[in-house]
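No lab work stands behind these numbers, since they all come straight from the coordinates. It should be emphasised that the depicted structure is a prediction, and the values quoted were computed from it without experimental measurement. Backbone-built Cβ (ideal geometry, glycine too); neighbour counts: all protein chains shown.
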Amino acid sequence: MKDNIMQVVKLFIVCVIAAAVLAWVYGFTKAPIEKSKMSETMDAIKKVVSGMTDDMTIKDTLLSVKEDTSKIQAFIILNPDSSVYAYAVKTVTNLGYGGGIVIMLGLDKNFAITGVEPLEHKETPGLGTKMTKEEFKVQFIGKSLDNFNFKVVKDGGDIVAITAATITSRAVGDAITRGITYAEENFKVSSDTMVIDSAAIDTMKSEEIK
């Protein structure tokens, strides 16, 4: 009986030490990891939104998604006078062949696409991964919900699908549609000279990305 108690005590001590070490490692690596992710995010924004200058401000917000509890992350790029220059939307879909796909989508102030940059995916190498190629992404440049059907041609849409990767192509179309739709629902106004009023956007986190 005494031996069993000692074994339990030893096991408890080992677990406590292991938990303490893990907590220390997490605390030590958290800041560098977050800094790396922010750097990756900024690089992606610059890829999908051309013409950005150092005097522009980027504000980070979360867009409400009506049909479920998930959120889509958006970045509002503001001119020095606080007028909107463009948007970058980190949009998602779960329809990929390998599951979830995360895409950074660039939009001008009229919600036409300026760039598409896949960030995370588990698609088939040599097939679905071709969604990262310029020859596939270029078909979306300048397109919007008004002038393009973001379904594959096989489904009656305008997307020229990747050969042998129709599922991936459908998923990209779904992610783009979601990104533009919720950007418009959250930010679209009638004024051509739109100025962001952060108090009017319930989901705004009021954080500037340096």
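Given the pairs Lys59/Lys133; Lys109/Lys137; Lys90/Lys130; Lys130/Lys154, which are separated by over 23 angstrom at their Cα positions?
Values: Lys59/Lys133 29 Å; Lys109/Lys137 20 Å; Lys90/Lys130 19 Å; Lys130/Lys154 18 Å.
Over 23 Å apart, Cα to Cα: Lys59/Lys133.
Label reach from Lys154 (point 7 Å along Cα→C-beta): in the stretch 81-113, amide nitrogens under 13 Å belong to 97.
Between Lys188 and Ala164, what FRET efficiency follows from the Cβ-Cβ distance if R0 is 45 Å, with the result rounded to 0.05?
On the way: r = 37 Å, r/R0 = 0.82.
For R0 = 45 Å, the calculated efficiency reads 0.75.
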